[in-house]
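The values are calculated or read from the model by the stated rules, or taken from the named source; none is laboratory data. None of these values were measured; they are calculated from a predicted model. Here the Cβ positions follow ideal geometry from the backbone for every residue, glycine too, while neighbour counts run over all protein chains shown. With ligands, DNA and RNA removed, areas are computed over all heavy atoms of the protein, side chains included. Shrake-Rupley method; radii C 1.70, N 1.55, O 1.52, S 1.80 Å.
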Amino acid sequence: MSDIASSTQIGKTGYVDVVDKTGALVAHPQAERVAKQDKINDFAYVKNVLSGQKGLLEAKSSMGADALIAVAPVEQYGWGVVAYLPAAELQQHVMQSLGVTGVLVAIVLLVAMLAAVRLAKTLAEPLTRLATEAECVAQGDLTRSIVPEGDGEVRMLGEALQHMHSRFST
């Protein structure tokens, strides 16, 4: 049993305890604590698991570190299994995930900004040329030709201005 507990690793530094019905360590990564039958029944989560409860909580581990703790009873023997993941390790993973997420959000924002600039140019340049040509026609210069450019509504506007220009010219 101790071999299983000492070889089981939760994350990088987490570990597993198995306690008997009195709260004494049956399995723990530190064999000397098992040999001394070290009791950890003062911890509320050990009392809970020995009374048949299972669950997940944050508390001090049997080694004294803040940890995320999962408990499950072994009802057949009246024992409990307690798995510990140090909070520092969990926070490190969360921070790492937040960093990756932040980088991805920055990349998406950059791509969106570049797409917005390109779209603005695609719309603004043909509209600016059409506005200049329309202004010339409005001032009486019918020698200018209006060439529809762009896509969709911008092209439709150019064609309408071209049609209007051709009607004024004839």
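Structure values in brief
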| quantity | calculated |
| --- | --- |
| Lys/Arg +1, Asp/Glu -1 at C-beta; the chain dipole; positive extreme among 165, 80, 147 | 80 |
| Loop GluC sites (Glu not before Pro), the stretch 1-75 (other Cβ atoms within 10 Å of the site Cβ: 15 or fewer; DSSP) | 75 |
| Rounded Å value of the spacing that divides the Cα centres of the stretch 39-80 and the stretch 93-170 | 65 |
| Accessible area per residue, Å², the stretch 5-115 with all protein chains present, probe 1.4 Å | 61 |
| Candidates per trypsin sites (Lys or Arg not before Pro) in the stretch 107-156, loop by DSSP, up to 16 other Cβ within 10 Å | 144 |
| Degrees, to the nearest 10: 152-169 long Cα axis against longest axis of the chain | 10 |
| Rounded to the nearest 20 debye, dipole of the stretch 34-170 from Cβ charges on Lys, Arg, Asp, Glu | 400 |
| Debye intensity ratio I(q)/I(0), log10, the stretch 62-170, q values 0.12, 0.20, 0.22 Å⁻¹ (C-alpha model) | -0.67, -1.01, -1.09 |
| Carbon and sulfur %, accessible surface of the chain computed with the full protein complex present, 1.4 Å | 61 |
| Estimated [θ] at 222 nm from DSSP helical runs (n ≥ 4, -39500 (n - 2.57)) normalised by residues in the chain, nearest 500 | -17500 deg cm²/dmol |
| Rounded to 10°, Cα long-axis angle of helix 87-138 versus longest principal axis of the chain | 10 |
| Spatially close lysines, pair count over the chain: Cα under 18 Å, gap of eight or more or interchain | 8 |
